[in-house]
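Comments concern the structure below.
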Amino acid sequence: MKALKQQKIAVLLGGTSSEREVSLNSGKAVLEALRQQGYDAHAFDPKDTALSELKTQGFERAFNILHGGMGENGVVQGALEQLGIPYTGCGVMSSAVTLDKYRTKLLWKAVDLPTAKMSVVFRGNAVNVAEIIDELGLPLFVKPASEGSSVGVTKVKSAEELMPAINEALKYDEIVLVEEFLAGAEYSVPVLDGEVLPAVQIIPEGEFYDYHAKYISDNTQYICPALSPERQAEVAEIVKKGYETVGCRGWGRVDVMEDAEGRFRLVEVNTCPGMTSHSIFPKSAATVGYSFEKLVEKILELSV
């Protein structure tokens, strides 16, 4: 097989999901990092060009930086496998499972991993607001099961706010999760080649880490390393098991929160994390010696 720098590499970016703009920004950064290191890398936007053209245009490997939608739900991964093109990140099964927060949490619960209590709403089914609040209390978080970047997520503080929040989330997905509020700190924990990297604590400007806090605000605080060695080892054990339970590989990011007693709770997995100037993964990787360029190269080297 030819050396990586002799291969024509497609940086898959953009796409058609609600996270298109973030993906374009991530893709631009990845593309520049690869080219700076001498790779024959080219932007490829599936919104504009059919994936089948990858083979026609002579691409031999793909760096997938498509966020959400078909870029993370297994569709692109399946297409690349059919085309015989190695790609970065998780495979078909783990991509499909982890984009669905509902089924991810079912798998975690099956192996006794800690996660927030939830109530599930299916489009077209009746919703008993009083029953949900009685079970989970207030405040609550409402989120679409299969969206990323906090799209469609609402923090609910009163009974009157719950149905509007559910209806908002149903615009993005037919399954909506209503989750108990976890009162502790919020962390995001990268995993690279099976190694759990230092947790990054997120302190948003607003009430929670929403789209604005992730990609627009300069006032969101990121603390890394955020935990003592003992607490890092504790969260790493949970994250590694959660990551492996859903079959992830290569690179990914697991979001974790503390409850009021400081116990870690798994929230979700991101199989194609952001790689923008605001992104968490490069912040953590930098603390263990990876420059942005070397991180991008490492991820590419893990492609299969």
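The values are calculated or read from the model by the stated rules, or taken from the named source; none is laboratory data. Fair warning: this is a prediction, and the values are worked out from it, not measured in the lab. Cβ atoms come from the backbone with ideal geometry, glycine included; neighbour counts cover every protein chain shown.
As a summary of the residue check, Arg103 satisfies the conditions (1) surrounded by 15 or more Cβ atoms within 10 Å (Cβ to Cβ); (2) in contact with a Ser or Thr (Cβ under 9 Å, 6 or more places away or on another chain) except for the one numbered (2).
Evaluating Glu179 against the criteria (1) of a type in the set (Asp, Glu); (2) at pLDDT 95 or above; (3) surrounded by fewer than 17 Cβ atoms within 10 Å (Cβ to Cβ) leaves one unmet condition, (3).
Would you confirm whether any residue within the stretch 147-163 is touching an Asp or Glu at 6+ places or on another chain (Cβ under 8 Å), aliphatic (A, V, I, L, M) and surrounded by 14 or more Cβ atoms within 10 Å (Cβ to Cβ)? The answer is yes; a qualifying residue exists. The residues of the stretch 121-138 that are in a loop (DSSP other than H, G, I, E, B) and either closer than 28 Å to Glu21 by Cα or within 24 Å of the chain's Cα centre (by Cα) (or both) amount to a single one, Arg123. All of (1) without any contact (Cβ under 8 Å) to a residue 12 or more places away in the chain; (2) of a type in the set (A, V, I, L, M, F, W, C); (3) in contact with a Phe, Trp or Tyr (Cβ under 6 Å, 6 or more places away or on another chain) hold for Ile175 with one exception: (1). Within the stretch 284-298, the set of residues being under 18 Å from the mean Cα position of the chain (by Cα) and more than 16 Å from Gln232 (Cα to Cα) comprises Leu295, Val296. For the subset of the stretch 18-47 comprising residues that are buried (at least 22 other Cβ atoms within 10 Å of the Cβ) and of a type in the set (Ser, Thr, Tyr), which member is farthest from the chain's Cα centre (by Cα)? Out of the qualifying residues, it is Tyr39. Leu4 meets all of the listed conditions (1) of a type in the set (A, V, I, L, M, F, W, C); (2) buried (at least 21 other Cβ atoms within 10 Å of the Cβ); (3) touching a Phe, Trp or Tyr at 6+ places or on another chain (Cβ under 9 Å) but one, namely (2). Here the condition is being within 18 Å of the chain's Cα centre (by Cα) and part of a loop (DSSP other than H, G, I, E, B); of Val151, Val142, it holds for Val151 alone. From the list Pro198, Pro190, the lone residue that is in contact (Cβ under 8 Å) with a residue 60 or more places away in the chain and either assigned to a strand (DSSP E or B) or of a type in the set (Gly, Ala, Ser) (or both) is Pro190.
Taking residues in the stretch 221-235 that are over 14 Å from Glu258 (Cβ atoms), and partners anywhere that are modelled with pLDDT of 95 or more and surrounded by fewer than 16 Cβ atoms within 10 Å (Cβ to Cβ), the pairs with Cβ atoms closer than 7 Å and at least 6 places apart or on different chains are Cys224/Thr287; Pro225/Thr287. Tell me which residues, restricted to the stretch 1-15, are modelled with pLDDT of 95 or more and in a loop (DSSP other than H, G, I, E, B). Those that are modelled with pLDDT of 95 or more and in a loop (DSSP other than H, G, I, E, B): Ala3, Gln7, Leu13, Gly14, Gly15. Only residues that are at pLDDT 95 or above and part of a loop (DSSP other than H, G, I, E, B) were counted in the stretch 201-224, giving 1. The residues of the stretch 170-187 that are closer than 30 Å to Cys224 by Cβ and not hydroxyl-bearing (Ser, Thr, Tyr), listed by number, are Leu177, Glu179, Glu180, Phe181, Leu182, Ala183, Gly184, Ala185, Glu186.
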